[in-house]
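Report on the structure given below.
Bear in mind that the values in this text are calculations on the coordinates, not laboratory data. Only a predicted model underlies this, so the values are computations on that prediction, with no experimental measurement involved. Positions of Cβ are backbone-derived with ideal geometry, glycine not excepted, and every protein chain shown enters the neighbour counts.
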């Protein structure tokens, strides 16, 4: 049985394909269009998935869509949208998903609509490898649900309790994110990274915004919010409560802002711990599966696993709306085939496009670039490790592209974590982002305990832990001595593991700084041409494409700029992130 999953029209649209129980391919549309968080129907991702699975559209048994458009419409109508605004009414059309799947994708078969939070829950449970588990999903909003509690066993999922819009922990976090001058649906990571610099001085004030109730319930105090019908997330009363005006974007960060970020993070962790304890008491399960945008808060995840009641936890690596495509497809497959997903437990998210050394060589042969190509991957790994050991910043482009928001060694920027200047250099001249943003370490899995307080594998960078290394690792150690660790092994990630091993041979350190191969405001690179453009527009020293290395110092940069501009026409369209998009 062949099932395609689609998420679209909200943010982070994506497509995946399950062929006879195997997850064959998955990709976000933004990687192809180069429009950050692109919500459009994932036409390019759909074409890629069919090609990767070597299937024609007539071989697809069903397309599963990640939410119920009719249920969503009821919430949109409740929100009181401007019914006379043609742009709004067009977006509120519940027949749009099916119509465009039929007309644009050309699919004439069965379309199944899976509720938004069921898609989230299924995306985690069916790929966890657990035979049974408690389920917790938490995001801004789906159709009506913002938080769900459930239990799963075999191929059965029971979501037995919900919290309904407008009450939402995700929207609380996004509201304070906006108040602090960061974009909604993109700046929440920044607030999480900012929090360790502050003190939790405003916890009591933030609890004026939310009231915890019995069981899994909670309520927002709506007098402080304006996201239902307004153009901002918050009302004027929020600034009055906090005692400070809204921070303007890109303005100076004051101690007040750091303390609010810290307080918000603590409140989120406290809420998650309390509700997890409730869920555990009801289900009696030892395993927890999480998904939804809130599940990407790796600091809270780490605390929940360390201090919460569950022994094991699986967080779906693409827990945002993109991952809803996986859940919808998995739910439909399990329901109609009567079989389990074969790709469980999920060991790799290298599910996107791949470009061979021949593809890369053909591209380079059309240019005047000076480059070095190596006969074997091992030679390339040694040459790259030597450059890293000399303090070079590497753009690393290998194998299939990752699915989800994290770069895990397929489309990464790499550097020496021991260099005290590396963090500031990469933030300022490579990533072109705020100086406070932390970077993650990638480490050979069997060496983890020597450097980090982590007793299990963490291949998807979904939790933080304390750095316990005797060797100083300033480039990847956050101000609170924490790190968001990625563990790497040869079986699941052989090329990246080989590079780490070569770096360890040269330096004695089995760790590299690993961040996503992109600049601020743009998606992670997908193609070799995307990698060229990012290389040119940053301070990256070396670009490693497959077995070929291009050194900046060995090329005329003006010629390189002209060459890249001739390859790529950059799209300028961006999305508004001032308010959560409910329509």
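Across the alpha-carbon atoms of the range 364-485, the computed radius of gyration and Dmax are 15.7, 49 angstrom.
Using the Cβ-Cβ distance between residue 98 and residue 379 with R0 set to 41 Å, the FRET efficiency from 1/(1 + (r/R0)^6) comes to roughly 0.20. By DSSP, the beta bridges lying fully in the range 357-567 are antiparallel in about 75 percent of cases. Per residue, the convex hull around the alpha carbon atoms of the chain comes to 144 Å³.
Which order do the peptides 4-11, 298-305, 154-161, 332-339 take when ranked by the mean count of other beta-carbon atoms within 10 Å per residue, highest first?
4-11, 298-305, 332-339, 154-161
The relative contact order of the range 169-315, computed from alpha carbon pairs under 8 Å that lie at least 6 residues apart in sequence, is 28 percent.
Which order do 247, 229 fall in if you start with the one that has the fewest other Cβ atoms within 10 Å?
Values: 247 18, 229 10.
Ranking 247, 229 by Cβ neighbours within 10 Å, fewest first, gives 229, 247.
State the three equivalent ellipsoid semi-axes of the range 169-315, derived from the C-alpha gyration tensor as the square roots of 5 times its eigenvalues, in descending order and whole Å. Walk me through the numbers on the way to the answer.
Working: eigenvalues 149, 56, 36 Å².
Equivalent-ellipsoid dimensions as semi-axes: 27, 17, 13 Å.
Radius of gyration over Kirkwood radius for the range 98-242, both on Cα atoms: the Rg/Rh ratio is 1.05. With R₀ fixed at 22 Å, the C-beta to C-beta distance from residue 357 to residue 432 puts the FRET efficiency at about 0.15.
Summary of the geometry: the range 500-559 and the range 333-349, compared by the centres of their Cα atoms, lie 34 Å apart.
I need the calculated FRET efficiency for the pair residue 307 and residue 506, taking r as the beta carbon distance and R₀ as 51 Å, to the nearest 0.05. In this case the efficiency is close to 0.85. Of all DSSP-defined beta bridges confined to the chain, some 70% are antiparallel rather than parallel. Listed by Cβ neighbour count within 10 Å, with the fewest neighbours leading, 18, 203 appear as 203, 18. The length gained by stretching the chain between residue 59 and residue 153 to full extension, at 0.36 nm per residue less their Cα-Cα distance, is 30.9 nm.
Let me have the relative contact order for the chain, percent, based on Cα pairs under 8 Å that are six or more residues apart. Display every interim value, and only then the final one.
Numbers: 1279 pairs, mean separation 100.7, N = 583.
Relative contact order here is 17 percent.
The convex hull around the C-alpha trace of the range 357-567, projected and averaged over every direction, spans 10.9 square nanometres.
For the range 444-541, the calculated P(r) over all alpha carbon pairs, in 5 Å bins from 0 to the bin holding the longest distance, is 2, 12, 19, 20, 19, 16, 9, 2, 0 percent.
Projecting label points 7 angstrom from Cα along Cα→Cβ for residue 455 and residue 250 puts them 4.8 nm apart.
How far, in nm, would the chain grow between residue 112 and residue 211 when pulled straight, counting 0.36 nm per residue and subtracting the alpha carbon separation? Show your work: numbers first, answer last.
Numbers: separation 99, 0.36 × 99 = 35.64 nm, distance 3.65 nm.
32.0 nm is the gain from fully extending residue 112 to residue 211.
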